[in-house]
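**Student:** Structure incoming, see below.
Bear in mind that the values in this text are calculations on the coordinates, not laboratory data. What you see is a predicted model; the values in this text were computed from it and never measured. Glycine also receives a Cβ, built like all others from the backbone with ideal geometry; neighbour counts cover every protein chain displayed.
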Amino acid sequence: MRSVGHSGVMPGRVNALRAGSEWVKTGSRGSDSNARAPRTFGMRLIIAYKFVKAVLMIGLALWFTVDPEAAYSFGQHVAYELVEARPLLVRIGNWLHGHLTEQVIERSALVAWLDGTTTALEGLLLLLGKPWGEWLVTINLSLFLPFEVYELIHKPGVGKAIVLLLNAAIVVYLLYARLLPVHRARSGRTPPAG
């Protein structure tokens, strides 16, 4: 028969109760992999970027979905205004006028929905502050980097370069934030040489 402690609870269950009470206090069980990561200024900046981008993309998707004719007309108006502007903008206006179709608006709506939704989910994962969420965002972004590099090489553009640089910087920052504590922990355990 098991012995019962002073509180009337069996000793084997005391540890479970302590772990449970810590979970109630902190929302997690000790130092497991679901512990909330500390939020640095860089992380808060990335989260803000993700949510602002998500709102803009979902707003664009709504506009393209609800009123594609107005979006098409607005695009044609912008193209006309660019043609009437300076010589550099004339080329952009002519390109936009030649490539903007109602099918492009429909496809752009789908892309905007997908991009806005995934960006919002990434922002939510980072907001939760869980290490596994940061890893998922890092992996997701890094999978698209080769495609962004390919696009930039074959169809160069300032916007593509900015997006590539932002996403690469986010990947590097998240990797650094996840791997630096592991490196510090390992280097702290090794005895000093000499």
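**Student:** Between Trp63 and Phe41, how high is the FRET efficiency from 1/(1 + (r/R0)^6) when r is the Cβ-Cβ distance and R₀ = 35 Å? Nearest 0.05.
**Tutor:** Details: r = 33 Å, r/R0 = 0.94.
So the FRET efficiency works out to roughly 0.60.
**Student:** Related question: At a threshold of 8 angstrom on Cα-Cα distance, excluding pairs fewer than six apart, so keeping six or more, what relative contact order does segment 50-194 reach in percent?
**Tutor:** Numbers: 111 pairs, mean separation 34.1, N = 145.
Contact order relative to length: 24 percent.
**Student:** Hey, another quick one. Please rank Ile46, Ile58, Ile162, fewest neighbouring Cβ atoms within 10 Å first, as an exposure proxy.
**Tutor:** Working: Ile46 22, Ile58 17, Ile162 10.
Arranged by neighbour count, lowest to highest, Ile46, Ile58, Ile162 become Ile162, Ile58, Ile46.
**Student:** Just order 122-135, 63-76 by mean Cβ neighbour count inside 10 Å, highest at the front, would you? Please list the in-between numbers first.
**Tutor:** Values: 122-135: 17.7, 63-76: 14.9.
Going by the mean number of other Cβ atoms within 10 Å, highest first, we get 122-135, 63-76.
**Student:** Would you mind calculating the gained length between Asn140 and His154 on full extension (0.36 nm times residue separation, minus the Cα-Cα distance), in nm to one decimal?
**Tutor:** Values: separation 14, 0.36 × 14 = 5.04 nm, distance 2.26 nm.
2.8 nm is the gain from fully extending Asn140 to His154.
**Student:** Can I ask one more? May I ask you to derive the FRET efficiency for Gln103 and Ser73 from their Cβ-Cβ distance with R0 = 22 Å, giving the value to the nearest 0.05? Walk me through the numbers on the way to the answer.
**Tutor:** Working: r = 15 Å, r/R0 = 0.69.
With a Förster radius of 22 Å, E is 0.90.
**Student:** Another one. Per 0.36 nm of contour for each residue apart, how much would the distance between Ala161 and Arg184 grow if the chain were fully extended, relative to their Cα-Cα spacing? Before the final figure, lay out each step's value.
**Tutor:** Values: separation 23, 0.36 × 23 = 8.28 nm, distance 3.36 nm.
Extra length available between Ala161 and Arg184 comes to 4.9 nm.
**Student:** Just the Kirkwood number for segment 31-171, please: inverse of mean 1/r across all distinct Cα pairs, in Å, one decimal.
**Tutor:** Values: mean 1/r = 0.0583 Å⁻¹.
Result for segment 31-171 stands at 17.1 Å.
**Student:** Moving to a separate point now. Once the other residues with Cβ under 13 Å from the Cβ of Trp113 are scored (Lys, Arg +1; Asp, Glu -1), what is the net sum? Before the final figure, lay out the partial values.
**Tutor:** Working: positive: Arg107; negative: Glu106, Asp115.
Neighbourhood net charge equals -1.
**Student:** Can you pull a Stokes-Einstein diffusion coefficient for segment 107-169 at 10 °C (1.306 mPa s), Rh from Kirkwood over Cα pairs, as a whole number of µm²/s?
**Tutor:** Answer, rounded: 124 µm²/s.
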